[in-house]
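Report on the following structure.
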Amino acid sequence: MSSSASARKQLVALAEQGFEGPWRHARGDFSGDARPASVLVLFGVLDGLAADREDHDLAVPADLDVLLLARASTLRSHAGQVAFPGGRADDGEDAVTAALREAVEETGLDPSGIEVLGAFDALPMPVSNHVVTPVLGWWARPTPVRVVDVAESAHVFRAPVADLLDPANRFTVVARRGNQTWRGPGFHVHDGAVTHLVWGFTAGVLDAMFDQLGWTEDWDSTKELGLS
């Protein structure tokens, strides 16, 4: 079995099992009825781009990637943050349909090439008053992606998983809002000359997945990055 096929097999098992225990990465409080949303967590061997690392321990193949985007800085909610493709579900729309529709609208991918491995239980995102269902996918037949609407996204890119797992790219994000302080996982991911910060809900999902898959490498959680 190839290393990529092994990674896919592990992801299938995770989709069947779901996340263990209570969700530990929610911040803030709900203010009224939470609205349903979905994100597409899409892994695959997307192109010739491999991890920058030469010394990773092969817990994952060097060419395993996950699709991410940077939200437009002009958005009212989560402006400029790195996220999975996704968004609010339309009335009567199930989680998988919503995730795929939003991914097409945001990245221009062809959904016929995506194998849906499963959906996790909806997770709380009180800071934006949503409950969000992560839909796990494998990119069996990849197609080009791009920024479709500059009002929604500033950058669409593929992040090598081995680079996300690199302890040098991991730290604890400390976000302070008023008299409240929130700590959670953070990642730096480099795309050419651009360095993106992954934190909040997206980093929480990646962190939980990597831990449960047994992919996480020892990293220094006392190394903090403060956000004002």
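The values are calculated or read from the model by the stated rules, or taken from the named source; none is laboratory data. Being a predicted model, the structure only gives us computed values, none of them experimental. Every residue, glycine as well, gets a Cβ built from its backbone with ideal geometry; the counts of neighbours run over all protein chains shown. To get the accessible areas, we keep the full protein, side chains included, count just its heavy atoms, and leave off ligands, DNA and RNA. Shrake-Rupley method; radii C 1.70, N 1.55, O 1.52, S 1.80 Å.
Here are a few things to note about the model shown:
- Taking (1) under 14 Å from the mean Cα position of the chain (by Cα); (2) polar (S, T, N, Q); (3) open to solvent by 30 Å² or more (accessible area, probe 1.4 Å) in turn, Thr143 satisfies each apart from (1).
- So Val60, is it modelled with pLDDT of 95 or more and either β-branched (Val, Ile, Thr) or not in a strand (DSSP E or B) (or both): no
- Among the candidates Phe43, Phe19, the residue that is open to solvent by less than 20 Å² (accessible area, probe 1.4 Å) and either in a strand (DSSP E or B) or at pLDDT 85 or above (or both) is uniquely Phe43.
- Taking the criterion of being over 18 Å from the mean Cα position of the chain (by Cα) and of a type in the set (Lys, Arg), the only residue of the range 5-31 that qualifies is Lys9.
- Conditions (1) modelled with pLDDT of 90 or more; (2) open to solvent by 10 Å² or more (accessible area, probe 1.4 Å): number failed by Val198: (2)
- Hits in the range 103-127 (condition: out of contact with any Pro (no Cβ under 7 Å at 6 or more places or on another chain), β-branched (Val, Ile, Thr) and either surrounded by fewer than 19 Cβ atoms within 10 Å (Cβ to Cβ) or not in a strand (DSSP E or B) (or both)): Val116, Val127
- Some residue of the range 107-126 being farther than 22 Å from Pro160 by Cα, out of contact with any strand residue (DSSP E or B) (no Cβ under 8 Å at 6 or more places or on another chain) and modelled with pLDDT under 90: yes
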